[in-house]
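Only the coordinates and a few stated rules stand behind these numbers; no lab work does. Bear in mind the structure is a predicted one, so any value in this text is a computation, not a measurement. Cβ placement follows ideal geometry from the backbone for every residue including glycine, while neighbour counts extend to all protein chains displayed.
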Amino acid sequence: MANPMVDDAREIKEVNPFESMMSRFDRAAQLLNLDPDLYNVLRVPNREIKVYIPVRMDSGRLEVFEGYRVQHNFARGPAKGGIRYAPDVSLDEVRALAAWMTWKCAVVNVPFGGGKGGIICDPIQMSQGELERMTRRYTAELIDFIGPEKDVPAPDMNTNEQTMAWIMDTYSMHARHTVTGVVTGKPVQLGGSAGRREATGRGLLFCINEAMKRLKMTPPQTRVVVQGSGNVGGIGAELLHESGYKVVALSDIHGGIYNPDGLDIPEAMKHLRATRSLEDFPGAERVSNTDLLEIECEVLAPCATENQITSQNANRINCKVLAEGANGPTTAAADEILHDNGVFVIPDILANAGGVTVSYFEWVQDRMGYFWREAVVNERLQEVMVASFNDVAKYADTHGVDTRTAAYMLAIDRVAYDTRMRGIYA
Ligand code: NAD
């Protein structure tokens with residue numbers, strides 16, 4: 001007889017992002033026959049920093065926020081990864097995201113390790129002044145641990161160019177000179193890179209284009225469903241539409257819109273920017289985020305948040321290609337079901353790696369003090385994404401594994417090689 005306590009525990013375990021990352025890591029490590037010493041080093045982060053951040057709120061009251069920075073690995077270069085502000089940030093989540101960054105940087109072969117940061121706060125309820133004070137004090141607490149050679153943060157959920165400009169300025173005040181390379185995702189005028197804002201969506205497009213070639217499909221025949229309409233989903237949908245794909249559904253946190261004949265994406269995005277909602281967009285029906293995932297389509301692109309495709313709904317996913325714009329949208333239990341159903345998965349550590357690739361370009365440009373034209377950035381991004389997609393697909397074919405396992409194996413193998421060559425300082 002089913003035991004509800006055990007079922008609950010299984011469900012909680014399934015959606016824990018760290019467990020999710022570890023189960024993929026373990027499978028790939030086992031298939032690689034990874035040396036036990038390397039396994040023990042690579043399965044844990046290099047460093048976890050917890051900080052308490054006092055902030056004078058506009059009301060005059062002092063509030064103390066809890067924040068983290070996890071530096072997962074430095075074998076291939078400085079740690080690299082975003083900072084998110086949200087009420088449900090946890091150390092486990094940040095730890096998983098930091099490890100994903102290590103594997104992501106290795107998949108696209110950029111010379112970075114993985115890191116991630118977060119602060120438990122409700123940014124929607126905070127004023128610009130409160131956000132600025134919190135960001136500056138968080139940066140001051142991390143001052144010895146970040147820097148162009150050490151750890152280079154970037155935006156993530158609820159942080160943006162402005163947040164990066166505050167971090168860059170605070171770090172520079174302490175260094176007594178301007179250090180643009182301490183963060184990426186800055187405004188272009190302050191050492192940011194042309195094309196960075198669109199880079200994750202553009203990288204997703206390049207991956208989908210490659211998958212289409214493999215499956216012998218063309219954009220006009222391809223119906224795409226996009227969950228999330230922020231930096232990744234919104235820009236991704238615009239670029240897909242521009243490239244001739246038929247984007248039939250799009251959503252934000254409140255729900256989505258659907259038109260089987262294709263949505264006018266530029267108009268939908270205009271509507272979203274003007275009204276801050278997709279609701280009431282003419283010529284489309286409303287659809288919930290749960291139902292949106294089950295719409296029949298050729299490409300499903302979850303670009304919002306974690307754990308959207310689980311063992312509960314994986315059997316009802318009705319696409320040929322799953323292009324993971326978000327980090328961790330699919331649980332490990334769902335992977336098996338999708339695999340059995342023949343879904344071609346472009347795993348997150350590949351599909352959304354366009355962002356970190358152009359972050360790498362930004363860091364390079366800051367260090368050179370010489371900035372590239374947007375066309376050059378996009379061309380170099382395309383080169384990296386196409387090569388990485390084909391590396392992963394070839395690895396999967398050669399080793400007879402699914403594409404997610406292939407991406408992990410490729411990444412772990414690269415990090416393990418560098419760690420072995422450097423030697424473990426034990
Ligand atoms: P964003 O804040 O710009 O947009 C998030 C979108 O998802 C919004 O439309 C929001 O309304 C929607 N959303 C949030 N929670 C939702 C929920 N529970 N259900 C449905 N929709 C929801 O964030 P973003 O930068 O686009 O990031 C989205 C995902 O992509 C995250 O997983 C992030 O870690 C990942 N990612 C982002 C980048 C980047 O460069 N921005 C790079 C790599 C990975």
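Could you tell me which of the pairs Lys246/Lys270; Lys13/Lys246; Lys186/Lys394 are separated by over 26 angstrom between their Cα atoms in the structure shown? Write out the running numbers ahead of the final one.
Details: Lys246/Lys270 18 Å; Lys13/Lys246 36 Å; Lys186/Lys394 35 Å.
Over 26 Å Cα-Cα: Lys13/Lys246; Lys186/Lys394.
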query = If each of His174 and Glu374 carries a label point 7 Å out from its Cα toward its Cβ, how far apart are those two points in nm?
reply = 3.4
task = Report, in order of residue number, the helices in the chain meeting two criteria: a C-alpha extent of 30 Å or more along the helix axis, and a mean Kyte-Doolittle hydropathy of at least 0.5; treat each whole DSSP H run as one helix.
result = none
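Using packing as a proxy for protection, rank 397-407, 35-45 so that the peptide with the highest average count of other Cβ atoms within 10 Å comes first. Display every interim value, and only then the final one.
Working: 397-407: 18.7, 35-45: 14.9.
Result, highest mean first: 397-407, 35-45.
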remark   = Of the convex hull enclosing the alpha-carbon atoms of region 199-351, the direction-averaged projected area in nm² is 7.8
query = What does the charge dipole of region 334-387 about its Cα centre add up to, to the nearest 20 debye, if the Cβ of each Lys and Arg holds +1 and the Cβ of each Asp and Glu holds -1?
reply = 360
ask   = What ranking, highest mean first, results for peptides 188-194, 268-274, 92-98 when packing means the other Cβ atoms within 10 Å averaged over each residue?
value = 92-98, 188-194, 268-274
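Nearest 500 deg cm²/dmol is fine: what mean residue ellipticity at 222 nm does the chain get from its DSSP H runs of n ≥ 4 alone, each adding -39,500 (n - 2.57), divided by its residue count? Spell out each step's value before the answer.
Numbers: 15 runs with 196 residues, N = 426.
Calculated at 222 nm, the ellipticity per residue is -14500 deg cm²/dmol.
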inquiry  = At 0.692 mPa s and 37 °C, plugging the Kirkwood radius over alpha-carbon pairs of region 129-285 into Stokes-Einstein gives what diffusion coefficient in µm²/s?
reply    = 186
query = Roughly how big is the chain's charge dipole about its Cα centre, with Cβ charges of +1 (Lys, Arg) and -1 (Asp, Glu), in debye to the nearest 20?
reply = 1260
remark   = Length-normalised contact order of the chain, Cα under 8 Å, at least 6 apart, in percent, tallies to 16
key: Distance in nm between pseudo-label sites at Met421 and Met57 (7 Å out along the Cβ direction from Cα)   = 5.2
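Is there a quick way to get the dipole size of region 199-351? I mean about its Cα centre, with the Cβ of Lys and Arg at +1 and of Asp and Glu at -1; what is the value in debye to the nearest 20?
In debye, rounded to 20, region 199-351 gives about 380.
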inquiry  = I'd like to know which of Trp363, Thr184, Pro123 lies farthest towards the positive end of the charge dipole of the chain, counting +1 on Cβ of Lys and Arg and -1 on Cβ of Asp and Glu.
reply    = Trp363
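Using Stokes-Einstein with the Kirkwood hydrodynamic radius over Cα pairs, what translational diffusion coefficient do you get for the chain at 37 °C and a viscosity of 0.692 mPa s, in µm²/s rounded to a whole number? Please report the intermediate quantities before stating the final value.
Working: Rh = 21.9 Å.
Diffusion coefficient, whole number: 150 µm²/s.
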note = Ranked output for segments 227-236, 256-265, 211-220 by mean other Cβ atoms within 10 Å, highest leading, reads 227-236, 256-265, 211-220
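With an 8 Å cut-off on Cα pairs and a minimum separation of 6 or more residues, tell me the relative contact order of region 199-351 in percent. Mind dumping the intermediate values first?
Numbers: 313 pairs, mean separation 33.5, N = 153.
It comes to 22 percent, rounded to a whole number.
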key: Listed residues Ala375, Gln312, Val224: farthest to the positive end of the dipole of the chain (Cβ charges)   = Ala375
query = Considering only the chain, what is the antiparallel percent among its DSSP beta bridges, to the nearest 5?
reply = 50
inquiry  = Placing +1 on the Cβ of each Lys and Arg and -1 on the Cβ of each Asp and Glu in the chain, which of Asn16, Leu278, Leu91 has its Cα farthest towards the positive end of the resulting dipole?
reply    = Leu91
